[in-house]
Amino acid sequence: MRKKAILLLNLGSPKSTRTSDVRAYLREFLSDPRVLDTNAILRAIVLNLFILPFRPRKSAAAYASIWTDKGSPLIVMSERQRELLQAKLDAPVHLAMRYGAPSVPEVMKKIAHAETEELFLVPLYPHYAMSSYETAVVQAMEEAARQRPAMKVALLQPFYDDPDYIGALADATAPRLQGDYDTLVFSYHGVPERHLRKSDPSHAHCLTVPDCCHCEHPAHATCYRHQCVRTMELLIDRLGIPKEKTVLAFQSRLGRDPWLTPQTDMTVERLGREGKKKVLVICPSFVTDCLETMEEIAEGCKETFEEAGGKHLELIPCLNDNPRWIEFLAARCRRWINGG
């Protein structure tokens, strides 16, 4: 029997809410050329002159508002997911973060020392984006090749339209839709428009062809916006949600370059001004609640909505430790373990 292991990959978090730790985390995160995708000199200038002198203090306060006694919610829940998955599988399950700790090089060292012969990478990103899924996979692949060249590496592809994933999402979402509400906002993490163009192998479809997300094309395999739209449509169909009660939006914009629109904060403000009283927000690009959901949406967007005249904005929690979600991951891992 060949020695197999599984590696879960997620984004990461600062070590603590101290400004110095947040600064170190942001430096690592924003130094990634797949995140700030400018030339190295310009990236260093932007990072050191315009971001790191100012943003860490503000971000530290945001992290402090969601931090738990056990630490970062994203790290704590990701470890919980790992433990639940491990309980369902015979092969060892590891967890690593693209930025911060536990780092991919550190965890890959343990995997290599165990003389692992086959490794299954499980990026905890339903959708393909160069600044999330792609950068995590590339780093893990490079570390695997460097630390254990003979190890065979397989990869879980983006699962944005997998019926079992949609089923898990529906299972977690349905109870929140039982009462009256005016609008359900699908809020996805935003990305610069240029990322879509760079990820389009044809360089002639994404954001170029009218209604490009609904015109079948090979570019959809790496198109973040198409995949977000598809997840939204599939969940709407699965739960029978009236389409007129739903809105697509993108959050977490950074900088002045064109990003995907409409923006979530502007969307909830508009809904408040239009007289909507109760708005629900779901964030399907995240499988674990984190800063972007717990602070940006549940706190920031809630305040924005209420100041605009709305009465109640509610965040629908991410999949987190939902049993159907954990079973989805376990089923994909079992398929790989059994050679499927």
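The values are calculated or read from the model by the stated rules, or taken from the named source; none is laboratory data. Source: prediction; values computed, not measured. Positions of Cβ are backbone-derived with ideal geometry, glycine not excepted, and every protein chain shown enters the neighbour counts.
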For Phe186, state whether it is farther than 23 Å from Cys290 by Cβ and of a type outside the set (Val, Ile, Thr).
no
Within segment 87-119, residues charged (D, E, K, R), touching a strand residue (DSSP E or B) at 6+ places or on another chain (Cβ under 6 Å) and over 19 Å from Arg332 (Cα atoms) come out as Arg98
All positions within segment 250-290 that are over 15 Å from His312 (Cα atoms), in contact with a Ser or Thr (Cβ under 8 Å, 6 or more places away or on another chain) and hydrophobic (A, V, I, L, M, F, W, C):
Phe250, Cys283, Phe286, Cys290
Please count how many residues of segment 264-281 are under 20 Å from Ala62 (Cα atoms) and either hydroxyl-bearing (Ser, Thr, Tyr) or under 17 Å from the mean Cα position of the chain (by Cα) (or both).
2
Quick check, is Leu234 in the same structural domain as Leu184 (by TED's automatic domain parsing), more than 11 Å from Tyr160 (Cα to Cα) and touching a Leu at 6+ places or on another chain (Cβ under 9 Å)?
no
If I ask for residues that are charged (D, E, K, R), in contact with a helix residue (DSSP H, G or I) (Cβ under 8 Å, 6 or more places away or on another chain) and more than 26 Å from Leu315 (Cβ to Cβ), which ones from segment 174-230 would you list?
Lys198, Asp200
Of the candidates Thr231, Thr261, Thr208, the one satisfying the condition of being part of a helix (DSSP H, G or I) and of a type in the set (Ser, Thr, Tyr) is Thr231
Among all residue pairs at least 6 apart or on different chains, which show Cβ distances below 7 Å where the first residue, located in segment 59-81, is over 21 Å from Ile326 (Cβ atoms) and the second is hydrophobic (A, V, I, L, M, F, W, C)?
Ser59/Val22; Ser59/Leu26; Ala60/Val22; Ala62/Leu291; Tyr63/Val22; Tyr63/Leu291; Ile66/Leu291; Ile66/Met294
Out of everything in segment 151-170 that is of a type in the set (D, E, K, R) and under 19 Å from Cys213 (Cα atoms), what residue ends up being surrounded by the fewest Cβ atoms within 10 Å (Cβ to Cβ)?
Asp161
Let me confirm something: among His127, His113, which residue is over 26 Å from Ala168 (Cα atoms) and not assigned by TED's automatic domain parsing to the domain that holds Tyr188?
His113
Got at least one residue in segment 286-308 being buried (at least 19 other Cβ atoms within 10 Å of the Cβ), among the aromatic types (Phe, Trp, Tyr) and within 16 Å of the chain's Cα centre (by Cα)?
yes
For segment 7-85, list the helices (runs of 4 or more DSSP H) that sit wholly inside it and hold at least 3 residues that are surrounded by 18 or more Cβ atoms within 10 Å (Cβ to Cβ) and either polar (S, T, N, Q) or within 21 Å of the chain's Cα centre (by Cα) (or both); which are they?
19-30, 55-64
